[in-house]
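The values are calculated or read from the model by the stated rules, or taken from the named source; none is laboratory data. Here the structure is a predicted model, which is why all the values come from computation and not from measurement. Glycine gets a Cβ as well: all are built from the backbone with ideal geometry, and neighbour counts include every protein chain shown. Calculation scope for accessible area: heavy atoms of the full protein, side chains included, ligands and nucleic acids excluded. Shrake-Rupley method; radii C 1.70, N 1.55, O 1.52, S 1.80 Å.
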Amino acid sequence: MAAKGEDVAFKGVNGEVQLVLNTDDFAAALERLAAKLAAAEEFFPRGTPVKLTSALKLTTDEKERLAAVLGEFGLALAADGAADPGGAAEAPAAAEREGYEINALVVARTVRSGQQIVHPGSVVVIGDVNPGARVVAGRDIIILGSCRGVAHAGAYGDETATITANRIVATQLRIAGLIARAPDEPDKPSGIETARIRKGSVVIEPANR
Amino acid sequence: MGEVIVITSGKGGVGKTTTTANLGTGFALMGKKVVLIDADIGLRNLDVVMGLENRIVYDLVDVTEGNCRLKQALIRDKRYETLYLLPAAQTRDKNAVSPDQMQKLCKDLAQDFDYVLIDCPAGIEQGFKNAIAGADRAVIVTTPEVSAVRDADRIIGLLEAEGKSNPKLIVNRIRPHMVKKGDMMDIDDIIEILAVDLLGIIPEDEYIVISTNRGEPAVVNPASAASTAYKNIVRRMMGENVPLMSMEAESGFFGRLKKIFGFKEG
């Protein structure tokens, strides 16, 4: 399950987009999905394949209706519908944190004001992310430089996603659905830091914790 | 083949036109053949700053539309024989010229001149695209303000996207006493964000206002503090190794500034 209490969520796993349906009310789920996609329009590149992980067995008809909703927003339902129901999505999540493989996009330059990087997997920036720039990733964001712009990790709802940078002095950090703003009086950070969700809010702590 | 250099900034009012006029005049002082192109069509200013307003017969748009020959539109400076201006049209807008036309124009001018300096309009729209189209390299002008630095960063990104990498930076209107009190961004802060090479810094100088109104670039007046700074930049652009003001490390930024501009302690 991508997010506690979220019955419809997108998750980036190994560079793939997964749609997690964690409910037995299909009609409501479909409605939530359409609302979510409408709010996040332009987020997914057109033609992005979506893998389904569902807690409830869908009939062929329901699958078609789901594919139609996804299709409206330019997404394609991946053929593999045989994913195990229930805990299947949670098991890898725990294992993934240690030595996991990522399908990462490596950006070997400074991301400057007005530039935007969007990737369904993780994003590694070799350079700075400057004020006015945006980095959006389905998974983690790793910046080998200063993060001064807006970084959004776990953009499909993955609350285990993290943002790591040599210096985090970001205008805004977003992880899954949570938004954290820089303090008005910035303190001097020392060493590499990681932002993650702890107890429902975004915290920044030394990366080696 | 001469070099085509665009002077740009993103934000307005940071000193693009003043910089273009002074660098151009500086090159002429060094005996180089220079032409300044005012690419700010519809809002032309460079002719006024150069004091050549009343000599305009043809302009840039007349050249691109074929109403006159390129040579006819070039105005020779009243002080320096090797300095020319190609003025912008005032009655038209940015769409009167295309990037392709600018490219051709710059190529033609580079045949006859050592340096072609383009005064870019503010903004990132058509006028900007026109101005950078024919340029070999770019000089970014910024002031020590967060907003100007942000816009400079955007411009550097756009230049990189157009394949014009490694622009050089001029930080204009530095006020040493304000930096000293921590009320103004210092050069190191700006360089850290923009991550480009520093070409030079220009101190705030009231004489710039006087010179602009007189139509006589400040670089010709040795008494002006900005004059020395502009001359140093010109020499660096010509490949001379003039030490950068911010490179003299031992006594910190203020020691460096004092040394360069001759400010007294306290």
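Out of the residues in region B:185-194 meeting the condition of being open to solvent by 20 Å² or more (accessible area, probe 1.4 Å) and either in a helix (DSSP H, G or I) or modelled with pLDDT of 95 or more (or both), tell me which one is farthest from the other protein chains (Cβ to nearest Cβ). Let's see the steps before the verdict.
The initial filter retains those residues of region B:185-194 that are open to solvent by 20 Å² or more (accessible area, probe 1.4 Å), namely B:185-186, B:188-189, B:191-193.
Filter once more, so that each one left must be either in a helix (DSSP H, G or I) or modelled with pLDDT of 95 or more (or both): B:188-189, B:191-193.
Working: B:D188: 14, B:D189: 12, B:I191: 12, B:E192: 8, B:I193: 6 Å.
Only one residue tops the list, namely B:D188.
Do you know which of the residues in region B:108-138 that are of a type in the set (D, E, K, R) and in contact (Cβ under 8 Å) with a residue 40 or more places away in the chain is least open to solvent (accessible area, probe 1.4 Å)?
Among them, the one singled out is B:D119.
Just one of A:A35, A:A108 is open to solvent by 40 Å² or more (accessible area, probe 1.4 Å), modelled with pLDDT of 80 or more and within 14 Å of another protein chain (Cβ to nearest Cβ); which is it?
Working: A:A35 fails: within 14 Å of another protein chain (Cβ to nearest Cβ).
Every option except A:A108 fails the conditions.
Six or more apart or on different chains, Cβ under 6 Å: which pairs go from a residue in region B:24-45 that's closer than 13 Å to B:L105 by Cβ to one that's among the basic types (K, R)? Could you list them?
Once the first residue is closer than 13 Å to B:L105 by Cβ and sits in region B:24-45, its partners that are among the basic types (K, R) give B:D38/B:R44; B:I41/B:R92; B:I41/B:K94.
From the list B:K78, B:K71, B:K16, B:K33, pick out the single residue that is touching a strand residue (DSSP E or B) at 6+ places or on another chain (Cβ under 8 Å) and open to solvent by 40 Å² or more (accessible area, probe 1.4 Å).
Every option except B:K33 fails the conditions.
Scan B:L158, B:L109 and give me the residue that is farther than 28 Å from B:S211 by Cβ, aliphatic (A, V, I, L, M) and in a helix (DSSP H, G or I).
B:L158
Find the residue count for region A:169-180, including only residues that are closer than 20 Å to A:G191 by Cβ, open to solvent by 20 Å² or more (accessible area, probe 1.4 Å) and assigned to a strand (DSSP E or B).
Qualifying residue count for the region: 1.
State yes or no: is A:A155 at pLDDT 90 or above and in a strand (DSSP E or B)?
So A:A155 fails the test.
Limited to region A:115-130, what total is found for residues that are surrounded by fewer than 19 Cβ atoms within 10 Å (Cβ to Cβ) and within 14 Å of chain B (Cβ to nearest Cβ)?
Final tally of qualifying residues: 4.
Can you work out which of the residues in region A:133-144 that are open to solvent by 10 Å² or more (accessible area, probe 1.4 Å) and within 16 Å of A:E193 (Cβ to Cβ) is nearest to the other protein chains (Cβ to nearest Cβ)? Show your work before the answer.
To start, the set of residues in region A:133-144 that are open to solvent by 10 Å² or more (accessible area, probe 1.4 Å) comprises A:134, A:142, A:144.
Pick out the ones that are also within 16 Å of A:E193 (Cβ to Cβ) and you get A:142, A:144.
Values: A:I142: 19, A:L144: 13 Å.
Result: A:L144.
What tally of residues in region B:1-37 results from selecting those that are farther than 16 Å from B:K164 by Cβ and touching a Gly at 6+ places or on another chain (Cβ under 6 Å)?
2
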